[in-house]
Amino acid sequence: MFGKSKSRKKEELDERFEEVYKEIHAIDDWDDPRKIEHYILDSCEQIITLTKEVEGEKKQLSVINSYIADVEKIEALPPKDRREIADTASKVTELTKSRDTYQKKDKKVTDSVFALMQQYDDTMPSEIVRMQNNESYQEKVKRDMAVLEGERGEARYDIDESRQSEKYLGRFSILALVVFATIFFVLMVLKTQTDMVITTYMLFYLLAGGAAGLFIFLRQSSLRKERRKRIREMNQITGLLNSVRVKYATVTRALESEKQRFEVGSSYELNYKWEAYLTAVREQEQYMADNEDLEYFSGKLLRLLSPLKLYDRKVWLSQPAALVKDSDLENVKQELLARKEKVTSEIKEDTQSVKSERDEINRLMREHDYYVPEIMEIIRSVDKLCGLGGR
């Protein structure tokens, strides 16, 4: 929250010092001025690097102390002022959470769909109703068309059956005529060849033939009459069917036009997209309202903290929850104290490393009586930079 030290910094410095010490052990000719000079320059470079780290740690420690002082100022506030800050911070926390939730939420409506729905914002409810009515009407017309198709098929079947029956009746009449003629011939032969009296038989035969002929005639007339009736009915059904087909084609074209215009497959899908759009609009409006409220309460929180002359008021806008409860504020303070202790320890360790390295340079120059003016000037510059004085 309030700043972190570089990870592995101390280990990396230790590794660099270890490399220098290895170089020292590798020197096999300490009388060679170039090797001594090389080592001293490397050591000076390490001291400068480490000193810069110490300076950075001291700045970090100063910042941590300033934040601790800020926490203590807030803790020392009167209960009334503390409660007002806590209430305001609670609103900032709540509004920030609401805004973050909206930003992280997956979009249920694509930008293209949102723009399309927005274009028909005023008329969409009536468009949905119209599409639903057209779909209902299309289904009704489709059912009527299916019924008429069935009735026309039934009428066509009856007509075909009538024609088939008349065809069979024609064949039966031919067969009856042949039989009648044969029997008549037989009777005439019997009458001429024998003295057989056939008057009764002839009378019966004529009556039977007449009845058969009458039956065939009546049946043919009935079939023709029924067929003409069914043909008229089929023509009426065909006319109705053509009319229904026109209605079906009209409503289907209207539906297809609506589907293409709104890029949907049905009124159900259009209604779903519309509901999702309305939800997105409400969430967007809520998001904008939350932003306005967040801006207001954030400004109010900064104004409440202003009289305390804090080191950094704005840092609390990123962690408003820490101001809501005293226990949360105490946790922040403990984290800062732990961080302070760690940085202080790092400063001590790094400062000791600087002194040790500088002592090693002094020892090396004394032992080898190495006081080259150019090197001495570099060492004095390092001492000045590192604040080591005239060691």
### Query
Rounded to the nearest 0.05, what FRET efficiency is calculated for Ala69 and Arg130 with R0 set to 51 Å and r the Cβ-Cβ distance?
0.15
### Query
Whole-Å semi-axes of segment 239-357's equivalent ellipsoid, largest first, each the root of 5 times a Cα gyration tensor eigenvalue?
69, 22, 12
## Note on the structure
Taking 40-46, 151-157 and ranking on average Cβ neighbours within 10 Å, highest first, one gets 40-46, 151-157
### Message
Could you give the length gained by full extension between Gln334 and Glu84, i.e. 0.36 nm per residue of separation minus their alpha carbon distance, to one decimal place?
### Response
87.7 nm
### Message
Based only on Cα atoms, what mean projected area does the convex hull of segment 59-135 have, in nm²?
### Response
10.8
### Task
Quickly work out the Ser318-to-Leu278 label distance, labels modelled 7 Å from Cα along the C-beta direction, and quote it in nm with one decimal.
4.2
### Query
In whole Hz, what ³J(HN,Hα) sequence does segment 150-167 give by Karplus (6.51, -1.76, 1.60; θ = phi - 60°), x for Gly and Pro?
x, 5, 5, x, 5, 5, 4, 5, 4, 5, 4, 5, 5, 4, 5, 5, 5, 5
### Query
segment 215-282: percent of C-alpha pairs farther apart than 16 Å?
70
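Values in this text are rule-based calculations from the coordinates and carry no lab data. These figures come from a predicted structure and were not determined experimentally. When we count neighbours, we look across all protein chains shown, and the Cβ atoms used for this are built from the backbone with ideal geometry, even at glycine.
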